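Visitor: Here's a structure for you.
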Amino acid sequence: MSNVFIQLLLVGLVAGVAGGMFGIGGGAIMVPAMVLLMGMDQKFATGTSVAAQILPIGILGAIVYYHNGKLNPIYALLIAIGLVVGNLFGALFANQSFISSQTMKKLYGIFLLLIGLRYLLFK
């Protein structure tokens, strides 16, 4: 098995653990790992991350949360509807010719920084 395959499997494993623990994975784990550790282009990594999430990757984790009374299926369905529509608009925007991979990196960095500051500084 090639080194890239092993790296991608490890990225998926780490993202899966983070997804199960924190509800994150694609944007917060997979994309930075592919860009910063594997040297992929930002847009290529984003597209790969989106494609990896097409299958119901969270189904087993969701079952565990549901059985422990920590999941509202109606809330999850409403969020999923928003995700489908939002993902389309986000992909259409990100793939405009005037949005470079460098711009995407900067926007993504600002997004993560703001989220991190919010978690660290406010309740």
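Visitor: Going by the structure shown, is VAL17 farther than 28 Å from PHE93 by Cα, among the aliphatic types (A, V, I, L, M), assigned to a helix (DSSP H, G or I) and more than 15 Å from the chain's Cα centre (by Cα)?
Guide: No; evaluated as a whole, the condition is false for this residue.
Visitor: Only one residue in VAL35, VAL31 is touching an Asp or Glu at 6+ places or on another chain (Cβ under 9 Å), in contact (Cβ under 8 Å) with a residue 24 or more places away in the chain and in a helix (DSSP H, G or I), so which one is that?
Guide: VAL35
Visitor: Hey, another quick one. Among the residues of the stretch 62-72, how many are assigned to a helix (DSSP H, G or I) and either surrounded by 10 or more Cβ atoms within 10 Å (Cβ to Cβ) or of a type in the set (Asp, Glu) (or both)?
Guide: Total meeting the criteria: 5.
Visitor: Here's a follow-up. Count, please, the residues in the stretch 38-61 that happen to be farther than 22 Å from SER2 by Cα, among the hydrophobic types (A, V, I, L, M, F, W, C) and in a loop (DSSP other than H, G, I, E, B).
Guide: So the answer is 3.
The numbers here are math on the coordinates, done by the rules we state, and not lab data. As the structure is a computational prediction, the values presented were derived from the model and not from experiment. Quick reminder, even Gly has a Cβ in these numbers, built from the backbone with ideal geometry, and neighbours come from all protein chains shown.
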